[in-house]
Every structure is written in C-alpha cells, then in structure tokens.
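Participant: Input: one structure, supplied below.
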Amino acid sequence: MGLNRRTLLHAALLLIALAVPLTGNIYYTRFATQIAIYGMAALSVDLLLGFAGLVTFGQAAFFGVGAYAAGMLSVAGWTDAFIVWPAAVAVTMVCALVIGALALRTAGFQFIMVTLAFAQMIYYIGQSLRDYGGDNGFALPGRNHLDGLLTLRNHVTFYYVVLALLVLVLVVALRLVHSQFGMVIRGGRDNERRLAAIGFPPYRYKLVAFVIAGGIAGLAGALMANHASFVSPAIMSWQMSGELLAMVILGSPGTLIGPIFGAAIYLLFEQILSDYTEHWMLYFGPLLVVRVLFIREGLWGFLVRAFGAQEAPQAPPDLAGDAIPAASGSEGGGGR
C-alpha cells in the first residue's frame, strides 16, 4: 500500500511538472526551469551530505565551473549541446577530482573549511577573468542546440529538456545509492574503520562520490548558463553553497527527491517574500528553525508521511554480513 501511494505521489508531482508550460505563461515556465536546475544542484549536495556524510561548502564552485565552461565554449563558437554540456561536466569532474583528492584527507570541520577555501579560490579566479567580464560576468550569444535538430531558444522546449535531464540524473542517482557502491559510502558514513577493516577503502569511494556529485553540479551550472544566457562569479560564492545546503536541509537529506522539493519551496518563498521586502531571509530563517525543531524528517518526509506513503525504515548496511559482498581483492569489488 505504501509503495502504491508513494508511486502515485511521485507520478502526481511529475504530472504537475509536465503541466507547467500548459498554463501558457512564460514566466511560470522559466521559474519552473530555475527550480529544476537548482533542484539538480541540491541533489548533488545531498549525494554527499545525506549518503556520504560530507558537509561541503564548496558545491557552488562546481556549479560555477560548469556554467563558465559552457559559457566560454559558447562564446568560442561551440553551440552543440552534445559537445558543450558533456565538456562542462568533464571539466567540473576533473576539478572535483583535484579538490576532493586533497579535501577528503581531512574530516569534519576541517573538511568544511577546506572545501570553502577551494570554492573561494575558484570564485576569485572567476573574478580575475577580465576577458570574460571579470566581476561583472559575461553574456552568452544564445542557447545551445541539440545537434542542429532541436533548438532550445524556445523556453518551453528548454524546460522539457532540463526536466528530462533532472529525471535522468535522479534515476541514475537512486540506482547508484541503492547499489553496492551506495551501501559502501553509507557504511563509510556510519563507521569508516569497520569498512576499511573488511577491505573497502573509504577514501577511494568517497572520492568517487565527490567527483560524481561535482559532475552533477557542473551539468546544472551548464544548464543555468543557458537558462540565464549570462554567467558571473556570483554563482560561485559561498552564499550559493549555503543556499544549496538550505535547500537540502529544508527538503529531506538522504532522499535525493527531498532536495528537489526543498529547492522548489526555497525559491517559491524567495520569490514571494522578495516582492515585499529585500530582507526576505529574515522571515525565511524561522521556517528553517521550525523545520529543524519540529519536522525532523524534513518537508518532503512530512509530505510523504502525510500521504501515507512512508517507506519502512532501512537498517544500516551490515558491513560484516551479506549487505556488502566480501572483498575479493579486485578494485571493482572494493578490493584492498
């Protein structure tokens, strides 16, 4: 019964998302596109926070690197999305590999500060790019196209492409966290020593998760560059990382769908409250306090529970039993 209701809830939300352009209002379509892009970026944060137990303040840097990579390629004349977007993801993943290789040698508060430091370094690098507007940013000549077969200038077409990519990323991420790899990173979150004792090196698995999350954020950044037709260092600031964390916390960490829902609520509140005051965060702050104190499972978890579609609680992975196959010595099996 819970599974059926959960499926109906997911289907209802997807239908609502598909129906947004049917209103005929371009403003709603563009706003829904923004929600989908930020939801993808928040999902990348949840992959680290909710499953690997890594609190990062540097995810906005990867979001910005993806945006800058897509913007620079577009300015250089590369307009095919099948080239630009994978290239942006690849550049971001290389950047995440370098940063993660160093940052993951720390833990806790030190990890937060290291990711923040790297994010600020990349932010100032963006400001120093005078050929690309420096602190003011630069405009793109136009949106990318899909191999010349499908133009993305139309807001509705672009929205459906972004929505399709969000669903694809969500499905892949769900399969990933429920695979052996997902059980290993969750096991490392709970007890790294025990994980290492049975032959699964936590550092390598966390680094892979860090790179994957960086790639997802880079894709979201490339989509944002196309959505706004503009890129500036502001999207790489530490405030952006804080906003992404707030979206995850507001939704439900460790669910992947919750951060997308949290992004929608966050942006809706920002849009509504900013019409009345520029100090909208003063009113949004108490909502986060209420969520932390009284809605422990997050807004998405509260909605799922209210809908009667909650899942049975999952036990932590049995690292000594059958949840993770015994290490075989090969790297693909989590060897020593």
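The values are calculated or read from the model by the stated rules, or taken from the named source; none is laboratory data. This one's a predicted model, so the numbers in the text were calculated from it and none came from an experiment. Cβ coordinates were reconstructed from backbone atoms using ideal geometry, including for glycine residues, and neighbour counts include every protein chain displayed. Please note that ligands, DNA and RNA were not included when accessible areas were found on the heavy atoms of the full protein model with its side chains. Shrake-Rupley method; radii C 1.70, N 1.55, O 1.52, S 1.80 Å.
Participant: Roughly how many debye, to the nearest 20, is the charge dipole of the chain about its Cα centre, given +1 on each Lys and Arg Cβ, -1 on each Asp and Glu Cβ, and no other charges?
Facilitator: Details: 18 positive and 16 negative charges, 105 e Å.
It comes to approximately 500 debye.
Participant: Take the alpha carbon atoms of the stretch 200-252, find their center, do the same for the stretch 1-75, and report the distance between the two centers in whole angstrom.
Facilitator: After rounding, the separation between the Cα centres reads 11 Å.
Participant: Roll a 1.4 Å probe over the protein chains and send me the accessible area per residue for the stretch 1-141 in Å².
Facilitator: 46
Participant: So, with +1 on the Cβ of K and R and -1 on the Cβ of D and E, and no other charges, what is the size of the charge dipole of the stretch 145-230 about its Cα centre, to the nearest 20 debye?
Facilitator: Magnitude of the dipole: close to 340 debye.
Participant: Have a look at Gly182, Tyr276, Leu146 and report the one farthest towards the positive end of the charge dipole of the chain, computed about the Cα centre with Cβ charges (Lys/Arg +1, Asp/Glu -1).
Facilitator: Sorting the options by dipole projection puts first Gly182.
Participant: Leaving out ligands, DNA and RNA, and with a 1.4 Å probe, what % of the accessible surface on the stretch 50-197 is carbon or sulfur?
Facilitator: Details: 4690 of 7180 Å².
Using a 1.4 Å probe with all protein chains present, the stretch 50-197 comes out at 65 percent carbon and sulfur.
Participant: For labels at Leu174 and His279 in the simple 7 Å Cα→Cβ model, what's the distance in nm?
Facilitator: Simple spin-label model gives 4.3 nm for this pair.
Participant: By Kyte-Doolittle mean hydropathy of at least 0.0 and Cα axial length of at least 20 Å, which whole DSSP H helices of the chain are selected?
Facilitator: In the chain, the long hydrophobic H runs are 2-19, 26-46, 59-75, 81-103, 109-127, 155-177, 202-228, 257-273.
Participant: Looking at Val162, Ala103, Met236, which one has the Cα that reaches farthest to the positive end of the dipole of the chain (charges on Cβ: Lys, Arg +1; Asp, Glu -1)?
Facilitator: Ala103
Participant: Normalised by the residues of the stretch 1-140, what does the relative contact order come to in percent, with Cα pairs under 8 Å and at least six apart?
Facilitator: Working: 82 pairs, mean separation 30.1, N = 140.
Computed value for the stretch 1-140: 22 percent relative contact order.
Participant: What size of dipole, in debye to the nearest 20, comes out for the stretch 1-158 about its Cα centre when the only charges are +1 on Lys and Arg C-beta atoms and -1 on Asp and Glu C-beta atoms?
Facilitator: It works out to roughly 320 debye.
Participant: Going highest first, how would you order 71-77, 250-256, 151-157 by mean Cβ packing within 10 Å?
Facilitator: Going from most to least packed, we get 250-256, 71-77, 151-157.
Participant: Students often get this wrong, so try it: which of (1) 36, 24, 18; (2) 31, 25, 20; (3) 32, 21, 19 is semi-axes √(5λ) of the Cα gyration tensor in Å as calculated from the structure shown?
Facilitator: Only one listed value fits the structure, namely (2).
Participant: Considering only the other residues whose Cβ falls under 15 Å of the Cβ of Ala101, what net charge follows from Lys and Arg at +1 and Asp and Glu at -1? List each step's numbers first, then the result.
Facilitator: Values: positive: Arg105, Arg204, Lys206; negative: none.
Computed value for this residue: +3.
Participant: Asp131: accessible area at probe 1.4 Å, nearest 10 Å²?
Facilitator: Solvent-accessible area, nearest 10 Å²: 140 Å².
Participant: Ordering Met247, Met113 by how much accessible area each has at a 1.4 Å probe, largest first, what is the list?
Facilitator: Met113, Met247
Participant: Mean separation of Cα pairs under 8 Å and 6+ residues apart, divided by the residue count of the chain: what relative contact order is that in percent? Show your work: numbers first, answer last.
Facilitator: Details: 514 pairs, mean separation 104.4, N = 336.
Normalised by residue count, the contact order of the chain is 31 percent.
Participant: Also, I was wondering about something else. Solvent-accessible area of Tyr283, probe 1.4 Å, all protein chains present, reported in Å² to the nearest ten, please.
Facilitator: Near enough 140 Å² of accessible area.
Participant: Add -39500 (n - 2.57) for each DSSP H run of 4 or more in the chain, then divide by its residues: what number comes out at 222 nm, to the nearest 500 deg cm²/dmol?
Facilitator: Rounded to the nearest 500, the figure is -21500 deg cm²/dmol.
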